Each structure stands twice: as structure tokens, then as C-alpha cells.
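I have placed the structure first, in the form of C-alpha cells, so that the comments after it can refer back to it.
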Amino acid sequence: MRSFSLSTAERYAFAVAVLALVLMAPGLADPLEYRRALLVHEPWRLLTGHFVHLNWPHALINALALLIVARLFAPDLNARRQVTVLLAAAMTISVGLAVIYPAIAWYRGLSGVVHALFFAGATLWLANARTWNARALWLPIALLIGGWAKVLLEQPTGELLPQAEWLGAAVVPQAHLIGAVCGTVLGLTFALADRRHAEHRAQH
């Protein structure tokens, strides 16, 4: 009987998911959430705001999404690359919100970072394809098309922070957009690095 095992990348994702749930303890979220007005004097919020959540459904759904995405793309994104995406996306999203959307005063949640991981994995999967065969590549193509359609369609046209009925609170889809862009760029960067590494090995 084949035993179930987790890759290093999946173990890291599990640790992050557990951290997000632990930070649901009373009194921990407020000092850690992204607050634009406090970033200069409390810069840790640029990073920690992505690991705290509004409520338990928010935290559980994001933790589960992280585990699913990390497992899906573990063959293409090793642990080092997944950690790179998580940290780079967290900082990029926070800076992006502060600069591009200064009216957004607060943010909590892993969802923007999970979007970055999703797009990094799907982009790398497609970019590293050895043959451009639509039948063989339908899944990464579908993931990218579906992912971008979801991100673009959810961008607010009226309210700055639309209300999510299932969450019982406002959401920040702008963070998903920034995460998608960041993940796509990182996926292409990883693909370029892989190509250069392969060319170097071929020459030697």
C-alpha cells in the first residue's frame, strides 16, 4: 500500500496554514493587520497583514486554498520558490495597496498571496512546456484563463471594498489583482532561470 507523503513545499504551506489559524487567537490580529496609516512606524504590518484574518471562515478557507495550491504546483514550484513567492507577494501586495490604492486603509488575509502562488505555478507550468500542444497543455491554459477571468471580473466598479455575503465583511479584490500580476512575473522569472540553467548544462 502506497503511503501518503508531503513534499517540503507542502510542509511549509501546512506550517503557514497553521500559523494563520493560530493568529486567530483573540488580540493577535489587530497589531498585525495591514494598516496604511501605520506602515511607517510599524513596518512589520507589510508582511504580517497577510497572515491574519477577519474571522474563522475567512482563515479556514484561505488556509485550505493555500494547501491545495501548494500541492497542485509542488512538482513545478519547489519549497524555496514557494517561500519566495509567498514573501515577495506579501510585500508587493502591501506596497501596491499603499501606492496604487491609498484609499484602502486596511487588509487582512492570505488570499492575495495564494493568488500569487497560483499564477506563479500555472505560468511556470505553461512556460516550461517542452511542446506546445493544446491537448497536452489544456490544464495550465485553462487555469490561467480561468484565473485571470476571475480576478478581472471581481474588480470593483462601484464600492472600493465590496461586501462578501459568505464572509459577512468587506473584501479587497485589488489584493488578488496585485498578487496575480506578481505571481505571473515570478513564474516567468523562474521559467527564464530554468531555461538558462538548462542551456548552461548543455554547454558543459
To make sure I understand, if each residue's beta carbon is the centre and we count other beta carbons within 10 Å, what order do 119, 14, 73 fall in, fewest to most?
14, 73, 119
Tilt relative to the chain, helix 173-203 - C-alpha long axis, 0 to 90 degrees, to 10:
30
What is the list of residues in region 111-141 whose amide nitrogen lies under 18 Å from a point 7 angstrom out from the Cα of residue 188, following Cα to Cβ?
116-129, 141
Distant-in-sequence amide H partners of residue 34 (H built 1.01 Å from N, under 5 Å):
49, 107
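For every helix of n ≥ 4 consecutive DSSP H residues, a contribution of -39,500 (n - 2.57) applies; sum these over the chain, divide by its total residues, and give [θ] at 222 nm rounded to the nearest 500 deg cm²/dmol. Present the calculation step by step, with values, prior to reporting the outcome.
Working: 7 runs with 122 residues, N = 204.
Helices in the chain give a 222 nm mean residue ellipticity of -20000 deg cm²/dmol.
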Of 58, 115, how do they rank once you tally other Cβ atoms within 10 Å and put the fewest first?
58, 115
Scattering profile of region 1-67 from the Debye formula, Cα beads only, expressed as log10 I(q)/I(0) at q = 0.12, 0.23 Å⁻¹, is -0.38, -0.96
Points 7 angstrom from Cα along the Cβ direction at residue 132 and residue 6: gap in nanometres?
3.9
If the convex hull is drawn through the Cα atoms of the chain, its volume per residue in Å³
160
Mind giving me the nanometre distance, one decimal, between the label points for residue 141 and residue 21, set 7 Å out from Cα along Cα→Cβ?
3.9
What is the set of long-range amide H partners of residue 169 at a cut-off below 5 Å, with H atoms built 1.01 Å from backbone N?
164
Scattering from the C-alpha atoms of region 86-204 alone, worked out with Debye: what is log10 I(q)/I(0) at q = 0.16, 0.18, 0.19 1/Å?
-0.80, -0.94, -1.00
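All of the numbers you see were taken from the coordinates with simple rules; none came from a lab. Here the structure is a predicted model, which means the values were calculated and not measured. Neighbour counts run over all protein chains shown; Cβ positions are idealised from the backbone, glycine included.
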